[in-house]
Structures are given as C-alpha cells and as structure tokens.
Amino acid sequence: MVPLIKLPKPAVLRLRSLTWTVNLMAYRNRNEKPPKLVLNKYNHKKVKETLVNETSGKCAYCESKVTHVYPGDIEHILPKSDFPKLTFEWNNLTFSCSVCNGHKSNYYDAQNPVLNPYSDAIYEHITSSGAMIIHMPGSVRGEITYKLLELNRGNLIERREEALVIFRKYLDAYVKEQNIYLKSLYKKEIIGMISPDKEFSFVLKNSLSFFISKGLNI
Ligand SMILES: [Zn+2]
C-alpha cells in the first residue's frame, strides 16, 4: 500500500451524485433493498477511468497492477452497507483487485478502520521486511489492515520476491559499475522501480531505505 492523492471529482459525480444518493436513501428509509440500477450508479465509466488514473491501475491495497489481468473493482473505503450515504461520495471511492475487495468486504470498526491510502500516514502503520508486509510495532490498524486484506498471501509474496530479486540485481550492478554513463542508467532504473506508480513499489522503496541505512551511496 502506498499513499495516494485524489484526482478532481469526475463531472458525472458532481452533477448526479446528490440525485443518486437521494434515490438510494429513499429505498433505505423504507427498509427496501435498492435495485441494482439505483445502487450501482457509481460504476460509471468516467468514475472508473479516473480511479484507475489516480491509482496508476494498481490495487489501492496490495499494489498489484490490476488492469494487466482484468478490469478491477470500484471499492468503497467505508463500506456502503454501513455508510449508504457515502455510496457515491468521491472521497470514499478507490480502485482495488477483487481479492482485496473480497477480503475487506463489509469490515468496519470505528476504533480501527482499515488504513485509508488517501488520508492516513501509511508508513506510521505498516512497513515491510523483504517481501513481507509487517505492521509498525504498536499499530493495531496496521496489523488489522494487512491481516484482514491478507497482504502476505502466497502469490503476492512470490511476485514481490521476484521484483526484489531484479531490484537487488540493479543495485548490485549500480555499485559495481565503473562507467559513469552506465552507472547513471542503472540509477535511473532503480529510481523508476520505486516510483509509486510501479507495482510493489512499497517493498522496493523499503528495501532501498534499508541498504541506504547500511551505507549504500546512491
Ligand atoms: Zn489487491
């Protein structure tokens, strides 16, 4: 998980979210199940497009490049079952993979909500050790977030490890290289891999910080 910045609200939400919310709440207030057509208005092409842009096509939780594999899900940060008024609220929407979305489901605990990549200081709650996501000592929210979302599930560990192996090869080559031009190319590659739009940049960035703390000069 990396910190994210919200893009401006898409025009369709600016123009219609209030009407959609009023319609939805009319069903809720009558204790009726809203029809899918009323509930799923958030699933608009322009909303999805903007969310994909602001997350760089990555799951907001596990950092998988979702759009490589399938279209991905629009995810409600606070669950729409508990917060129906936030169903069409731009600040409550993000983009995720179906696995993280499924694990998170309707979880909500006012004391310890899942970390919000737009508003929480992510690095105060979670960090990583190699390919594993771990929580900062004492952070209940960090611990709940990675355990609930199963951020250390097998295939994620495997893919993060693959990225780390490549990353360490570049670091090694960078340190050994004598030619200034080639050295600068390795450096560019290394900096590119920790860019927040790249898959699994969280563990790669932490790995680089670890080596720098041990004296790596880059
Ligand atoms: Zn995910």
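Only a single item in (1) more than 15 Å from Val2 (Cα to Cα); (2) out of contact with any Leu (no Cβ under 9 Å at 6 or more places or on another chain) is not met by Leu115, and it is number (1). Checked against (1) more than 26 Å from Ser128 (Cα to Cα); (2) outside any helix (DSSP H, G or I); (3) away from the ligand (no atom under 16 Å from the Cβ), Thr50 passes all but condition (2). Looking at this structure, is Asn91 free of Cβ contacts under 8 Å to residues at least 40 places away in the same chain and either among the basic types (Lys, Arg) or away from the ligand (no atom under 16 Å from the Cβ) (or both)? No. Among residues of region 45-64 that are without any contact (Cβ under 8 Å) to a residue 24 or more places away in the chain, those with a Cβ under 9 angstrom from a residue that is of a type in the set (A, V, I, L, M) and surrounded by fewer than 18 Cβ atoms within 10 Å (Cβ to Cβ), sequence gap 6+ or separate chain, pair up as Lys45/Val12. Considering each residue of region 48-58 in turn, none proves to be of a type outside the set (Val, Ile, Thr), in contact with a Ser or Thr (Cβ under 8 Å, 6 or more places away or on another chain) and farther than 26 Å from Arg153 by Cβ. Considering Tyr61, Tyr70, the condition of being at pLDDT below 95, among the aromatic types (Phe, Trp, Tyr) and within 14 Å of the ligand (Cβ to nearest atom) is satisfied by Tyr70 alone.
Scanning region 125-142 for residues being farther than 17 Å from Arg160 by Cβ and within 16 Å of the chain's Cα centre (by Cα) gives a total of 3.
The values are calculated or read from the model by the stated rules, or taken from the named source; none is laboratory data. Owing to the predicted nature of the structure, the values given are computational and were not obtained by experimental measurement. Positions of Cβ are generated from backbone atoms using ideal geometry, with glycine treated the same way; all protein chains shown enter the neighbour counts.
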